[in-house]
Amino acid sequence: MVRGLIVQDPPPLADNFMRVPVFVTHSGSSEAFQATVEASQAENRFEFSVPGRPLLLEVDPDFDVFRKLAREEFPATFGEVFAAEHITLVTPAHAGPEAGKNLNRLVAALTERFPQIRRSMDADLAALPEAGAVWLLGWENRFLPVAAAALGEEAELGDGQLRLAGNTYRRDTAAALVSARRKTKSGAQTLLWLGPTTAPPWRTSRAGLCNMALQLSGPPGR
């Protein structure tokens, strides 16, 4: 039996708590016994049984709780892109006449609002730049797999649809805007991807974290 006490000084704010990992090395196995203590009070007692004689007790040994997060561990936000000193806006070279026309109109509005934007066509880039933020436009964008990889397990992107927060959004019924943190040689980069829809709308439906999907109604720009 292992018993312990985790003290928070100063006491936590109301309704705030931490899940603190506790590892116990014991004589019954070469692998440590693992448990989680929910610390919601000034004093948090815990007690649990281990399958052998306790030899060593470690609280948060991997510093998952008591450490400052690295920048790449923070969720990426839309605001980071809009506030970036340099934004590379990448549009697809093969979006089709109608989609290309709509994307050009969107790019014109964005560059008027955010003068730090520099537009590039995907066909003109061997790789995405690592400096500044990146905004990818279009389902046909050849860098779509980069956005999908940056999203990781939190979403699935490809084959004309986005799976996010347990929901599936198809390009023929919804537009989608997602943000992600892309790992680079110099650290981490904030990346946005916008997938326009082929249908009319404009009814907003949020879908978790910093990402959202839009159920549309009515042509864009009205």
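Bear in mind these aren't lab numbers, they're just calculated from the coordinates by the rules spelled out. Predicted, not measured: the structure shown is a model, and the values here were computed from it. Cβ atoms come from the backbone with ideal geometry, glycine included; neighbour counts cover every protein chain shown.
A simple rule links phi to the HN-Hα coupling: the Karplus curve 6.51 cos²θ - 1.76 cosθ + 1.60 with θ = phi - 60°, which for region 146-156 gives 5, 5, 4, 5, 5, 5, x, 7, 6, 7, 10 Hz, with x for Gly and Pro. Working from label points 7 Å from Cα in the Cα-to-Cβ sense, the Ser30 to Asp62 distance is 1.9 nm. Sites counted here are chymotrypsin sites (Phe, Trp or Tyr not before Pro) in a DSSP loop (not H, G, I, E or B) having no more than 16 other Cβ atoms within 10 Å; the longest part of the chain that contains none of them is 67-222.
Taking K and R as +1 and D and E as -1, what net charge do the other residues with C-beta under 14 Å from the C-beta of Val37 add up to? Here the charged neighbours net out to -3.
Note on volume of the Cα convex hull per residue in Å³: of the candidates (1) 133; (2) 306; (3) 183, the value calculated from this structure sits at (3).
Counting only alpha carbon atoms, the long axis of helix 97-113 and the longest principal axis of the chain meet at about 70°.
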